[in-house]
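Laboratory data are not the source of any read-out in this text; all were calculated from the coordinates shown. This structure is a prediction, so every number in the text was calculated from the model and none was measured. Note that each Cβ is placed from the backbone with ideal geometry, even for glycine, and that neighbours are counted across all protein chains shown.
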């Protein structure tokens, strides 16, 4: 693999005409070739979140156009991106357990080590299985240790502005991804693929090492529970619905990011215009996530997460399916970008509302593990759903699939909203009948003979019955349509 191989889209044209190569090479070649300096910016966003996801799109474009690893299909390259996020999520239980044993800083430094090793190792890759191990497995481990070690820290330092803080946090991946992808696109044609990897590795090592060792958590102060597998959570319907929101959202999110650039080509736009569409989508995420967080604090975290998840699905069905011109595609990209990453901006605050701060690390560990299958298969589903025989409707099935996945996630969280409103009402009722001298953590059932329910109130013995009543269809539907900040 030459260090300074220029990007030449003519190479990919020649490979497309070779009958023994994978037909997936031919999917995207429907437009006239663009200049070299614009072709590198056209890529596929294959990861659920983060700056690496968008810079990998540039690497993927280079792999496909330059035939770095001969006889490697587009699906195999896409699999590398999916493999990295799958490994990041799979390592979450181990990272959670190591935080309990060794502390947050140790886990973050492990992430720095694996991420740097991945980028430097990729610069010496000469076969495709080298990329699978370096950019796929090794980078996934590094990303997983860094993500799991840091994602639960921000909520510990905020209460009223928790969602805004998480939104600003998540915006870093949007803005950083945009900068990263543009930087990689500029470095590869000038310095070569190998040195692009090495420069990224050096920058990541220095920045992440400083941040990892300056970060401080409050695990001891709030008594956080770091259990790798919190099985009791699976007995709670509200937590299962929360997981459903994540699964549906990730199926839609990855399909959207994976498809938006190539969709631009399918409606007659150039590769350069497609790169602008992808950049605007990333910019929308960077600008939109703090706004999502701000409104979540003001109007309710579950409320905003539900509404914006539904809104993203609606945008896909109503705007994306009819986008044919550059103006409409750009409008859709910037608009959907503000709401497409709602899950990543609100997942931690929403889960804290559902299970509390103490169980939050354990709940997040389970969540990342459950998200492995949808993030692994979503991009493959998007590839299969494309109808290459249709002239202007190549992505219609992908658009419908993406829209309904987001709407399905919104329905799951809407049910959680109904439970939460009922649960708050139940807690208010219980607190109203508590004796004035009761300890803060003492429930009515624990008071024994000291407690006598006032006339007209619910006896404490019916507390469990009331808990099950929250899930009765009539009670749940009434709570779902109630106007309340949750």
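Between residue 432 and residue 478, the C-beta separation translates, for a Förster distance of 25 Å, into a calculated FRET efficiency of about 0.80.
With one equal scatterer per alpha carbon and no solvent term, the Debye-computed log10 I(q)/I(0) for segment 72-166 at 0.10, 0.17, 0.18 1/Å reads -0.32, -0.75, -0.80. A protection proxy built from the mean count of other Cβ atoms within 10 Å ranks the segments 287-294, 254-261, most packed first, as 254-261, 287-294.
How far is the Cα center of segment 296-340 from the Cα center of segment 85-116, in Å? If we compute the Cα centre of each part, the gap is 33 Å. The slack between residue 202 and residue 471, meaning 0.36 nm per residue of separation minus the straight C-alpha distance, is 91.6 nm.
Here segment 153-292 is treated as an ellipsoid with the same Cα gyration tensor; its semi-axes, largest first and in whole Å, are 34, 24, 15.
Start at zero, step by 10 Å, and the Cα-Cα distances of segment 310-430 spread as 11, 32, 31, 17, 7, 1, 0 percent across the bins. Sorting 361-374, 417-430 by average packing, meaning the other beta carbons within 10 Å per residue, from highest down gives 361-374, 417-430.
Note on residue 231 and residue 186: the extension gain reaches 11.5 nm, defined as 0.36 nm multiplied by sequence separation minus the Cα-Cα distance.
On a per residue basis, the convex hull of the C-alpha atoms belonging to segment 379-424 measures out at 57 Å³. With one equal scatterer per alpha carbon and no solvent term, the Debye-computed log10 I(q)/I(0) for segment 155-209 at 0.18, 0.20, 0.23, 0.26 1/Å reads -0.70, -0.78, -0.89, -1.00. When the P(r) of segment 30-420 is calculated, the portion above 37 Å amounts to 16% of the C-alpha pairs.
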